[in-house]
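Below you'll find the structure, written out as structure tokens, and then a few comments.
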Amino acid sequence: MKSLENKTVFITGAASGIGLALARVCGSAGMSVMLSDIDDVALHAAVECLRAAGVDCDSVVCDVAQPAAMRHAAEVTIQRFGKVHFLINNAGILVIGGASDNSLDTWRRVMDVNVMGVVHGVDAFLPLIRSHGEGGHILNTASVGGHVAYSAVLAYSTSKHAVVGLTEALAEELRNENIGVSALCPGFTRTQIVSAMTSSSNFASDENQTLGFENAVENGMSPDVVARYAIEQVQQGALYIFTHPRTRDEVSRRSKLIEAAYEKAECSDLLREDPDAYRSLNVAGINVPSQ
């Protein structure tokens, strides 16, 4: 989606941080912007700020974990702007802790927001993007933690791996429909994600680890820089958008482990004896993306 002017974007988690920064960038590019967030007070303030800057925008309170709320937000967006071209699934929550640190209820909430929130967004908005035939784009905010396993934020990292996989599969599905799909994978960024976590009594966390994450976030990249680069890459049709070059070694380390595992498989006498081991996924009619 190279041209943004006179088009409409819907953004979740848009009251602050990367979501609000994306709203600013899209608005300055001439887009109409519908902001959504679960925090109605912060959402109202964000809209007032954008309108003061001349952005055509509106808002709707929405808990992305609730499919009915997302469908309602889609209806409101169409009523207000007529069409939607760009969906940004940005809402997310962070929980610090490993496998034994968080309750099943906490796991479910993380997955409901971080993963099902994206699913609900696609379910509600993809038909609307398809309907006008003008093309569009879907940007899912994942994380570098969606490519690297971080045990200190196990539930969060698990959810972001799922978002990356969803994005890759969706990009393949839509590749012939003039609808681009991207995964935004930032590192530490100056947002309120840690303070939002610690303000909730439902999310247990280690005090020392929390302090470490707070310091890392406070010294992270500006969300405005992340947003500007993300939109630049969306316009270029990028599938993966990495904003922190210094995380490359961590991602590459995983790739090297995968390559080593395949080399072991190729050297296995046991696997050589089984012809099915050398069948491509394409045999089952599964399209493997070339990106």
So, restricting to strands (runs of 3 or more DSSP E) that lie completely within the range 10-109, which ones have at least 3 residues that are touching a residue at least 60 places away in the same chain (Cβ under 8 Å) and within 29 Å of H161 (Cβ to Cβ)?
86-89
Can you name the condition, by its number, that S290 falls short on among (1) modelled with pLDDT under 90; (2) of a type in the set (G, A, S); (3) assigned to a loop (DSSP other than H, G, I, E, B); (4) in the same structural domain as R175 (by TED's automatic domain parsing)?
(4)
Odd one out for S205 among (1) buried (at least 19 other Cβ atoms within 10 Å of the Cβ); (2) at pLDDT below 90; (3) in contact with a His (Cβ under 8 Å, 6 or more places away or on another chain):
(3)
Within the range 10-24, residues being over 15 Å from the mean Cα position of the chain (by Cα) and buried (at least 24 other Cβ atoms within 10 Å of the Cβ) number 1
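The values are calculated or read from the model by the stated rules, or taken from the named source; none is laboratory data. Only a predicted model underlies this, so the values are computations on that prediction, with no experimental measurement involved. A quick note on method: Cβ atoms are made from the backbone with ideal geometry, for glycine too, and the neighbour counts reach across all protein chains shown.
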